[in-house]
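Following: one structure in structure tokens, then a few remarks.
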Amino acid sequence: MSKRKKVIIIGGGISGLAAAFRLSELSRYAHTPVEIVLVEAKPRLGGVIESRTQNGFLLEGGPDSFISEKPAACELAKRLGISGDILGTNEKFRRSFIYKKGKLVPVPEGFYLIAPSQIKTFLATPLLDWSTKLRMGCELFISRRDSSADESVASFVRRRFGETTLREIAQPMIGGIYTADPEYLSLATTMPQFHELERRYGSVIKGLLARKALRARNSSAEASGPRYSLFLSFQEGMETLIRNLSARLVKVKIMLSSPVTRIQYRNVWEVGLESGTSLNADAVGIALPAYQTGRLLLPVSSGLAQDLSSIPYESVATINLAYPRSDIPHRLDGFGFVVPAYTGRKIVACSFSSVKFAGRAPADMVLLRAFVGGALHREVYESDDETMLKIVRDELRHYLGIEKAPRFSSIRRYPHAMPQYRVGHLDLVRSIQSKATAFPGLYLAGNAFRGIGVPDCVKQAESAAEAMFEYLKGNTAKPVRQTALPEIQR
Ligand SMILES: Cc1cc2nc3c(=O)[nH]c(=O)nc-3n(C[C@H](O)[C@H](O)[C@H](O)COP(=O)(O)OP(=O)(O)OC[C@H]3O[C@@H](n4cnc5c(N)ncnc54)[C@H](O)[C@@H]3O)c2cc1C
């Protein structure tokens, strides 16, 4: 690079921070200084990731965990030198429940979102009646679909496993993660592994069994690597990731309480802040919800703005509730439960937070966290705090028999925070990407595109940063992903 290049990253959630960190790593290791400014609207970093302590409880507002199956967050933690702070779930109670006919019924061991990978536990479970088990078993003989076009999660599950599996299992398990209506949710974006199992093995169940056998054969090789539980957090909560990222961004200028109100491109990027300040850069990385990015990019490209703004979002809220253990009659012998929408009940899910992760509540106390809102429960999100708390307490009385009021509760609302990946979403993302490439130095990240989870956001942000770095070096060829950066010692 001839002169020192300037970059502006907009958005200080996990996506913006991970992009800024990756860029600063690359610039350090390549001895190529880049001037990075990160601009965040709020007075704090982290976006929807917020952990706080109250009376000895550790409350998560947004995400309470990330999955180890997608390695980007673990790899980032390793590079930050905080692998030792990663916390696995409680070994003793690695299961969750689905609400059915007035009871919380355990999800059978080996059940993978929509399909069993263990025949014995599947046959024994009271979660499904015999006609549903028979219908699910028929999946082995249903021929594969002859099209690679995207379809909805509902259509896929209905086709392969039948209506009851969709209503009673897939909708609460998958719909809960995406707070989406499975009738519209894109299979190709959210669960491509199921489409792949159908394509490769002709049956999801056959594919899951084959993969399980393969894993068993390779288990000695796997045993040498780190063994994490599926869900992970940090001892001091998810915000550990944010704190450590911001602490490492020593050379990045971080501007808090600085909403971006305007972006223009005139061979250089010009970013206007609400304060009236204007910043210039060679490249700009935008890590905002898609509708915000769309609004800001309207003066740059109406087509790109239109595509971005067409991604719908839903609002969700979490309600943390603290109880003495003795006030809860239920055994709490799991991580929590999900509630199918067909039941007409009002919450999406509830985590037994202090059972799932150690250190979330003082001894003899319990922390629960209810999840409300999303595409199928908008009216609950729209209620005021008092009504929402009453709804949640009524619901918890029904599932867990809790009569007493919590010692305290805390409601966090996330308006328009959950992008809805509709059928055909990947085509829309490709269209967005191709339109964005017309503008040199423009890079997009965030949860709107190819995955909503924290590891997805990290991966997409790092890829955007790598592409940006190549661009700044004057090389627009696809970058080779470098994964061998050494861990930073604390
Ligand atoms: C309640 C909830 C629970 C979740 N649970 C999980 C979970 O358990 N596991 C998991 O993996 N994922 C979970 N997710 C998803 C995951 O947390 C998010 O997808 C991810 O954190 C989004 O990060 P982000 O940086 O892309 O966006 P955000 O966190 O939304 O950050 C965007 C940032 O941009 C800032 N901003 C907005 N407009 C402007 C502007 N004009 N100028 C400057 N800055 C601006 C915002 O203030 C914000 O800080 C959950 C999400 C929610 C809401």
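Tabulated data for the structure shown
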quantity: Entirely in the stretch 276-350, the strands (runs of 3 or more DSSP E) that have 1 or more residues that are more than 16 Å from the ligand (Cβ to nearest atom); calculated: 278-281, 283-286, 313-324
quantity: Restricting the stretch 109-138 to residues that are at negative phi and touching a strand residue (DSSP E or B) at 6+ places or on another chain (Cβ under 7 Å), the residue that is surrounded by the fewest Cβ atoms within 10 Å (Cβ to Cβ); calculated: PRO126
quantity: In the stretch 39-49, the residues that are assigned to a strand (DSSP E or B) and within 22 Å of the chain's Cα centre (by Cα); calculated: GLY46
quantity: Candidate set from the stretch 379-390 (those that are part of a helix (DSSP H, G or I) and surrounded by fewer than 20 Cβ atoms within 10 Å (Cβ to Cβ)); member that is nearest to the chain's Cα centre (by Cα); calculated: TYR381
quantity: Any pair with Cβ under 9 angstrom, 6 or more apart, that starts in the stretch 459-475 at a residue that is free of Cβ contacts under 8 Å to residues at least 40 places away in the same chain and ends at one that is of a type in the set (D, E, K, R); calculated: SER463/ARG22; SER463/ARG481; ALA467/LYS478; GLU470/LYS478
quantity: Residue within the stretch 430-437 that is surrounded by 19 or more Cβ atoms within 10 Å (Cβ to Cβ) and in a strand (DSSP E or B) present; calculated: no
quantity: Conditions (1) within 16 Å of the ligand (Cβ to nearest atom); (2) not assigned by TED's automatic domain parsing to the domain that holds GLU198: number failed by LEU80; calculated: (1)
quantity: Any hit, the stretch 410-422, residues being modelled with pLDDT of 95 or more, away from the ligand (no atom under 16 Å from the Cβ) and out of contact with any Cys (no Cβ under 8 Å at 6 or more places or on another chain); calculated: yes
quantity: Looking only at the stretch 444-464, and only at residues there that are more than 8 Å from the ligand (Cβ to nearest atom) and in a helix (DSSP H, G or I), the one that is surrounded by the fewest Cβ atoms within 10 Å (Cβ to Cβ); calculated: SER463
quantity: Strands (runs of 3 or more DSSP E) fully within the stretch 50-155 counting 1 or more residues that are of a type in the set (Phe, Trp, Tyr) and at pLDDT 95 or above; calculated: 57-60, 97-100
quantity: Pair list, Cβ < 8 Å and 6+ apart or interchain, from the stretch 185-209 residues that are farther than 20 Å from GLY424 by Cα to residues that are among the β-branched types (Val, Ile, Thr) and not in a helix (DSSP H, G or I); calculated: SER203/ILE142; VAL204/ILE114
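The values are calculated or read from the model by the stated rules, or taken from the named source; none is laboratory data. Computed from a predicted model, the values in this text were never measured in an experiment. All Cβ positions, even for glycine, are placed from backbone atoms using ideal geometry, and neighbour counts span all protein chains on display.
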